[in-house]
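J.: First, the structure itself, so that you have it in front of you.
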Amino acid sequence: MNSVIVSCSSCGQKNKIPADKQHLQPKCGKCGSLISLAGKAVPVEIEDSNFQNFINGAGMPVMVDFFSPTCGPCQMMSPIVNSLAQRFVNRGIVAKIDTSENQRIFSQFNIRGVPSFLFFKNGKLVDQVVGGVPENVLAQKLSSLL
Ligand SMILES: [Zn+2]
């Protein structure tokens, strides 16, 4: 699991927060203050092995970026996906899955190509977008699920 390192705004302590715990209002390990992830949140990197548990246990809407590291349009979407993770912190979850290493979930959802963006609510697939699109297209879809 990837993680993000955030300095506590109260005591300055650097806290390492697993990406899949970002939405759980993490507290500083030293002083107990709430850690603000505004501007710091990163997409959660999920895999075949934890995909279903993650989606089922998310507790809020999830957008998953199905990408391949060698695909140009995927690389162009990467900063947009990062931006969405920050914009929706504490409201929705932004995740990504590398389809070059995780074929099972890719096949399960009959995804036609990468990048594809799948939207889940209450553990169910409710919407999807195929291909590179402007940030606001994805933001509006995720917003509509909040
Ligand atoms: Zn602190």
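A short reminder: the numbers here are calculations on the coordinates, not readings from a lab. It should be emphasised that the depicted structure is a prediction, and the values quoted were computed from it without experimental measurement. Cβ placement follows ideal geometry from the backbone for every residue including glycine, while neighbour counts extend to all protein chains displayed.
J.: Report, in degrees rounded to the nearest 10, the 0 to 90 angle that the Cα long axis of helix 72-87 makes with the longest principal axis of the chain.
T.: 40
J.: Just to be sure I understand the curve: with the Debye formula and one point per C-alpha of region 44-143, what is log10 I(q)/I(0) at q = 0.14, 0.15 Å⁻¹?
T.: For the requested q values the scattering log ratios are -0.44, -0.51.
J.: Separate question: If you put +1 on each Lys and Arg Cβ and -1 on each Asp and Glu Cβ, how big is the dipole of region 44-143 around its Cα centre, in Debye rounded to 20?
T.: On the way: 8 positive and 8 negative charges, 74 e Å.
Dipole of region 44-143, to the nearest 20 debye: 360 debye.
J.: Still on this model: At Ser3 and Asn102, where each label point lies 7 Å from the Cα along Cα→Cβ, what is the point-to-point distance in nanometres?
T.: Calculated label separation equals 1.9 nm.
J.: Do the alpha carbons of any pairs in Lys14/Lys40; Lys96/Lys141; Lys16/Lys141; Lys16/Lys121; Lys21/Lys96; Lys40/Lys96 sit beyond 21 Å of each other, and which pairs? All intermediate terms of the calculation are to be shown ahead of the outcome.
T.: Details: Lys14/Lys40 13 Å; Lys96/Lys141 16 Å; Lys16/Lys141 30 Å; Lys16/Lys121 28 Å; Lys21/Lys96 15 Å; Lys40/Lys96 16 Å.
Correct reply: Lys16/Lys141; Lys16/Lys121.
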